[in-house]
Each structure stands twice: as structure tokens, then as C-alpha cells.
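Engineer: Encoded as C-alpha cells, here's the structure I'll be asking about.
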Amino acid sequence: MKKFNMIDEEFVCENCKSKVFKLEYSARDHCPFCLYSKHLDINPGDRLNTCKGMMVPIGIEKFKDKYKIIYKCEKCGEVHKNICAKDDNIDEIIRLSIITK
């Protein structure tokens, strides 16, 4: 089981430049507007990854009663998955679901 360090903080998305607010019910790990993330963690919330590349959303998958966004780091090529947030851009999620098929 991966160790989870709860960090829920505001940030400015490096991809779309939108101001992103705290999620409030869990840790915010991606932009709800463009769905991009940043390769910051080795284990969730530890901020120990030295890569710091942009994580591009490349697909979506069903996970229990939720969905996960599939990411690929532009810098190192590593693939990660994060659970969708309630306020994520549904149009981007639909676009990713079409790409994934």
C-alpha cells in the first residue's frame, strides 16, 4: 500500500494558467480545467520526485464506482493514474474516454 500524505493546496496550473483552488474533501492532484498534473510525488503527497515534468492526461479508466485519469509524464515517460475529482471538466473527461477506446 502506498503511503498517502494529505496535501490539498491552491496552485496555478502550469499548462492552462488557471488558478486552482483546494479540493476540500481530498488532496488536489491535478487541474480541474485541463486535467494536467505535475510529476511531484513518489508516494502520494510526499513531493520527493525530482522529475517535476508535466503529466499529460492520455486516457481514462473505470475504477470501482469512479474513474481514473491516466497520465504520462512529458519529461520521463512514467505513467500514473489519479482518481477524477467532482469538479473536473466533464468535456475533457469525455474527450479522454473517446481517446481510450
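Derivation of every value follows stated rules applied to the coordinates shown; laboratory data play no part. Quantities reported herein were computed from a predicted structural model and do not represent experimental measurements. Here Cβ is always computed from backbone atoms with ideal geometry, including for glycine, and neighbour counts include all displayed protein chains.
Engineer: Rounded to the nearest 500, what is the 222 nm mean residue ellipticity of the chain from helices alone, with -39500 (n - 2.57) per DSSP H run of 4+ residues and division by all residues?
Structural biologist: Values: 1 runs with 11 residues, N = 101.
Estimated from H runs of four or more residues: -3500 deg cm²/dmol.
Engineer: Which entries in Lys22/Lys62; Lys22/Lys86; Lys17/Lys62; Lys3/Lys75; Lys22/Lys75; Lys19/Lys52 show an alpha-carbon gap greater than 21 Å?
Structural biologist: Violating the 21 Å Cα-Cα cut-off are Lys22/Lys62; Lys17/Lys62; Lys3/Lys75; Lys22/Lys75.
Engineer: Report the net charge of residues surrounding Lys22, where surrounding means a beta-carbon distance below 10 angstrom and charges are Lys +1, Arg +1, Asp -1, Glu -1. Numbers along the way, then the final one.
Structural biologist: On the way: positive: Arg28; negative: Asp8, Glu9, Glu10, Glu24.
Computed value for this residue: -3.
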